[in-house]
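Asker: Can you read through this structure? Questions will come right after.
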Amino acid sequence: MHLYHSHEGPAAVSADAARPDGTRRALRIGLGGPVGSGKTATVAALCRTLRDRLSIAVVTNDIYTREDAAFLLRNAVLPPERIQAVETGACPHTAIRDDISANLEAVEDLEESVGPLDLILVESGGDNLTATFSKGLVDAQIFIIDVAGGDDIPRKGGPGVTTADLLVVNKTDLAPYVGSDLEQMALDAKKQRGDLPVAFTSLTSAEGVAPVADWVRARLADWTA
Ligand SMILES: Nc1nc2c(ncn2[C@@H]2O[C@H](COP(=O)(O)OP(=O)(O)OP(=O)(O)O)[C@@H](O)[C@H]2O)c(=O)[nH]1
Ligand SMILES: [Mg+2]
């Protein structure tokens, strides 16, 4: 496993970070954000970029279907046994914040069946700007918005935009078509987030996910240090 070092600060270490044999369990990263912002596309791109050097698994959350898991399977981003779907049946944030038992069971199943794992990505169902993950489920969270949702979203704030460990502004390729001002989005995000990082991505190119992949590698370096 090749890891990159950074000085962006360590991911908070949960109390249950160790496996029974004393080794550190997989780093769990949650991906949340509004419907259609590019969460599944980011998960797919991260898997393609990182899978050669890291042992990865994915948990997807959908309200009534398994669409996101099916997309990842169809695109063969990981072997099928490394992808698990949770059907939340209710507001997506409930399953990632209030009653995390189904998601915890899924990550623990994956650790047991295909582990040892370096990284587990947990995609939330698409929700609103208030959705965040419980710290009992993930060690760090990425909040993904897109330029087509309006360039005032960073200014509007909300816990995802203001407190996520990484804010991703996706679909920058669409900015000219929807009249979004990327510089203003960056300024507003800075105002809301202070020193917390922001990445601008376009997943239409194969390397578009690079800033997010670099951030994940840095978190992993902190996690395993
Ligand atoms: N132009 C453009 N389209 C994108 C980009 N990223 C994702 N998309 C498209 O946006 C649509 C939604 O992407 P998804 O990855 O399914 O979004 P999601 O956030 O997982 O959606 P839900 O899980 O339903 O909330 C798909 O048609 C993607 O192909 C991007 O950077 N640029
Ligand atoms: Mg999705």
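Read-outs: derived from the displayed coordinates by stated rules, not from any lab. Just so we're clear, the structure is a prediction, and the values are computed from it rather than from any experiment. Neighbour counts run over all protein chains shown; Cβ positions are idealised from the backbone, glycine included.
Asker: Can you tell me the relative contact order of region 93-225? Whole percent, Cα pairs under 8 Å, sequence separation 6 or more.
Answerer: 20
Asker: Size of the chain along its principal axes in angstrom, Cα-based, largest extent first?
Answerer: The Cα atoms of the chain stretch 51, 40, 33 Å along their principal axes.
Asker: Sorted from fewest to most neighbouring beta carbons within 10 Å, what does the list Cys47, Cys91 look like?
Answerer: Cys91, Cys47
Asker: Moving on to the next point. Any lysines with Cα under 18 Å of the Lys190 Cα? List them, leaving off those in the same chain fewer than 8 positions away.
Answerer: Straight-distance partners of Lys190: Lys156.
Asker: Turning to a different aspect of this structure: Sequence gap at least 6, Cα distance under 8 Å: using those rules, report the relative contact order of the chain to the nearest whole percent.
Answerer: After rounding, I find 28 percent.
Asker: I would also like to ask the following. Multiplying the sequence separation of Asp181 and Thr23 by 0.36 nm and subtracting their Cα-Cα distance, what value in nm do you get?
Answerer: Roughly 52.3 nm would be gained on extension.
Asker: Within straight cross-link reach of Lys171, meaning Cα distance under 17 Å, which lysines are found once same-chain residues fewer than 8 apart are removed?
Answerer: Lys39
Asker: What percent antiparallel are the DSSP beta bridges of the chain, to the nearest 5?
Answerer: Given both bridge residues lie in the chain, the antiparallel proportion sits at roughly 5 percent.
Asker: Mean residue ellipticity at 222 nm from the helices of the chain, using -39,500 (n - 2.57) per DSSP H segment of n ≥ 4 over the full residue count, to the nearest 500 deg cm²/dmol? Don't skip to the end; give the middle numbers.
Answerer: Working: 8 runs with 74 residues, N = 225.
Rounded to the nearest 500, it is -9500 deg cm²/dmol.
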